[in-house]
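Here is the structure we will look at, set down as structure tokens.
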Amino acid sequence: MRTTVGIIGAGPAGLLLARLLHRAGVDCVVLESRDRAYVEQRQRAGILEQGTVDVLRECGAAERLDREGLPHEGIELRFEGRGHRVDFPAATGGKSVTVYAQTEIVKDLVRLQLADPGGPPLLFGAEALAIEKPDSEAPVIRFRHEGRLETLSCDFVAGCDGFHGIARGAVPADRVRTFERAYPYSWLGVLADVAPSCEELIYARHRRGFALHSMRPPQVSRLYLQVPNDTEPADWSDERIWDELAARFALDDGGGWKLERGPITAKSVTPMRSFVQEPMRHGRLFLAGDAAHIVPPTGAKGLNLAVGDVVTLARALAHHHATGSAELLDGYSETCLARVWQAERFSYFMTDTLHRRPDQSPFEDRLQIAQLDRITTSRTASAELAENYVGLPLS
């Protein structure tokens, strides 16, 4: 097989890149190691920045998002038994976020790609095994598909295959720098068949640990608890989870608010970490999304950072296709990393402000509370949080 851009990974990054390239007239092929059912069921992020929503609309992939997505114009911060709302449009000139699960974005993009008779090939069950000669003008992806070893020759390779994929490892170790931080706690996440107890997300800082109330469709609640790193989901009964969530979300005056309970359908534990690999390019191999960076989920930035990467890469590849100029491709890594590090900073800030470390001192407790007081009493501090939450410009 031969194409202009070989894309490894059919998550939202790889699928959106394929969609953008197709609309720009650039040939590509998408290789995905898993089958379609697995790809469309992977539970991931659910908060879309304004810029992400705009890109999906522009490329014709937002019909269901506009119908079923839940626009949110703020979040609630809870601490010291009090609740405080951060108003996004008031602080950002009208911007907001939308709750729409990553699994649904993947379904929408897969359907669009497979329904287009002239669209780029999307091969499920195609396991990428190696990227050869990535620093040449003719890189090659070797992969296994339907029991056969295959070769995809291309002009460029887009590594959208996540932290554990082969693309990140195809960059020679002596050509990269990595930056990382592991946090001394994890998130226990649950899906529950019960309507959310709130209209907007609740971020709670409590002496017992952090808690987050999110949602998926209108009838499903997505909730998280800060837990020790060695936690097993089976260690937490449904009753224990609901009791702990109720304690961490509790308001001193009640506030007319009650946590609704229902059947828990899924439990999982997510370690918290920050990671960046620089540069995000090696020759004609370009890394995007989790292949290049990871953020703790507190800032809702992972999926949105991947979108920023592929929008930047698609523009650069389309510019090269139209003009022959490599100027935008040469600036890809620097352009993306400027935004990546701002998202890393914000995600670290949200994580460090709302979680208690196991060895945290009373002095550090008071600093966290002072920081949250500052956000909820200062228009400037509130605007800083809102501007970062709804998303920095994609370009």
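The values are calculated or read from the model by the stated rules, or taken from the named source; none is laboratory data. No experiment lies behind these values; they were computed from the predicted model shown. Methodologically, a virtual Cβ is constructed for each residue, glycine included, from the backbone with ideal geometry; neighbour enumeration extends over all protein chains shown. Note: areas computed on protein heavy atoms with side chains; ligands, DNA, RNA excluded. Shrake-Rupley method; radii C 1.70, N 1.55, O 1.52, S 1.80 Å.
Within the stretch 358-369, not a single residue is closer than 18 Å to PHE210 by Cα, crowded, with 20+ Cβ neighbours inside 10 Å and at pLDDT 95 or above. Just one of the listed residues (LEU337, LEU329, LEU313) is in contact with a strand residue (DSSP E or B) (Cβ under 7 Å, 6 or more places away or on another chain), open to solvent by less than 10 Å² (accessible area, probe 1.4 Å), over 27 Å from VAL227 (Cα atoms) and not basic (Lys, Arg), and it is LEU313. Close contacts from the stretch 326-346, counting a first residue that is under 13 Å from MET280 (Cβ atoms) and a second that is β-branched (Val, Ile, Thr) and part of a helix (DSSP H, G or I), with Cβ to Cβ under 6 Å and a gap of 6+ residues or different chains, come to THR335/THR312; CYS336/THR312. Taking (1) surrounded by 12 or more Cβ atoms within 10 Å (Cβ to Cβ); (2) farther than 19 Å from ASP235 by Cβ; (3) in contact with a Lys or Arg (Cβ under 9 Å, 6 or more places away or on another chain); (4) modelled with pLDDT of 95 or more in turn, ARG216 satisfies each apart from (4).
The residue list VAL5, VAL53, VAL26, VAL30 contains one member that is assigned to a loop (DSSP other than H, G, I, E, B), surrounded by 14 or more Cβ atoms within 10 Å (Cβ to Cβ) and β-branched (Val, Ile, Thr), which is VAL26.
Being part of a helix (DSSP H, G or I), farther than 20 Å from LEU201 by Cβ and out of contact with any strand residue (DSSP E or B) (no Cβ under 9 Å at 6 or more places or on another chain) is the filter here, so list the residues in the stretch 375-393 that pass it.
First, the residues of the stretch 375-393 that are part of a helix (DSSP H, G or I): 375-377, 379-390.
Those still in the list that are farther than 20 Å from LEU201 by Cβ too: 377, 379-380.
The answer is ARG379, THR380.
Residues in the stretch 270-291 that are in contact with a helix residue (DSSP H, G or I) (Cβ under 8 Å, 6 or more places away or on another chain) and open to solvent by 40 Å² or more (accessible area, probe 1.4 Å): THR270, GLU278, PRO279, ARG281, ASP290.
Among the criteria (1) touching a residue at least 40 places away in the same chain (Cβ under 8 Å); (2) over 30 Å from VAL26 (Cα atoms); (3) open to solvent by 30 Å² or more (accessible area, probe 1.4 Å), the one ALA192 does not fulfil is (3).
Here is a check on your reading of the model: is ALA291 under 14 Å from the mean Cα position of the chain (by Cα) and either free of Cβ contacts under 8 Å to residues at least 40 places away in the same chain or closer than 30 Å to ALA195 by Cα (or both)? Steps first, please.
Numbers: under 14 Å from the mean Cα position of the chain (by Cα): yes; either free of Cβ contacts under 8 Å to residues at least 40 places away in the same chain or closer than 30 Å to ALA195 by Cα (or both): no.
When the stated conditions are applied, ALA291 does not pass them.
Residues in the stretch 96-119 that are part of a loop (DSSP other than H, G, I, E, B) and at pLDDT below 95 were compared, and the one that is most open to solvent (accessible area, probe 1.4 Å) is PRO117.
For the stretch 181-207, the set of residues classified as of a type in the set (A, V, I, L, M, F, W, C) and outside any strand (DSSP E or B) consists of VAL194, ALA195, CYS198, LEU201, listed by residue number.
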